[in-house]
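Following: one structure in structure tokens, then a few remarks.
The values are calculated or read from the model by the stated rules, or taken from the named source; none is laboratory data. Because the structure is a prediction, the values reported are computed rather than measured. No Cβ is skipped: glycine too gets one built from the backbone with ideal geometry, and neighbour counts run over all protein chains shown. Calculation scope for accessible area: heavy atoms of the full protein, side chains included, ligands and nucleic acids excluded. Shrake-Rupley method; radii C 1.70, N 1.55, O 1.52, S 1.80 Å.
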Amino acid sequence: MILPARIKPERQGGREHDLTQVADGRLWWKFTKPWSSGYAVDLSSPEPILLPARPLQYLARLKLQNRYFGDAMRFVGIAHDPKSRRLVISQPDIQGRPAAWDEIDQ
């Protein structure tokens with residue numbers, strides 16, 4: 001679905017997304033960076049490498065993330081303005097705690 005041009009991210013995020021909080025703070029809309037489809041992980045070498053993803057690779061990765069990590073991300077649509085296109089997904093806001101280094105290592 002093509003979203004209305006007025007739908008834009010409210011704040012800058014990290015390397016992959018910019019963000020807008022919706023649904024009374026219970027949900028985030030994550031916008032890929034302009035003209036980008038996020039990243040794909042290439043496992044063909046001894047070390048994993050992040051490469052620019054094609055749109056279907058990005059959406060397939062999100063589907064796997066939902067399956068294996070219990071996430072509930074959904075494709076919302078494509079945001080557009082005269083200068084860019086962005087994929088938009090929704091993700092529930094989940095309050096948590098910072099992971100300990102040993103948890104990250106595991």
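Note on P(r) over Cα pairs in 10 Å bins from 0, in percent: of the candidates (i) 12, 34, 26, 17, 9, 3, 0; (ii) 13, 38, 24, 16, 7, 2, 0; (iii) 14, 40, 35, 10, 1, the value calculated from this structure sits at (iii). For the chain, the antiparallel share of DSSP beta bridges with both residues in that region comes to about 95%.
Counting other C-beta atoms within 10 Å, and keeping those with at most 12, which DSSP coil chymotrypsin sites (Phe, Trp or Tyr not before Pro) do you find in the range 1-54? Qualifying residues, ordered by number: TRP35. Averaged over its residues, the chain has an accessible area of 73 Å² per residue, based on protein heavy atoms and a 1.4 Å probe. In the chain, once you exclude exposed trypsin sites (Lys or Arg not before Pro) (DSSP loop, at most 13 other Cβ within 10 angstrom), what's the longest stretch remaining? Value returned for the longest uninterrupted segment is 27-82.
Shown for the chain: the carbon plus sulfur share of the solvent-accessible area, taken with all protein chains present and a 1.4 angstrom probe, equals 57%.
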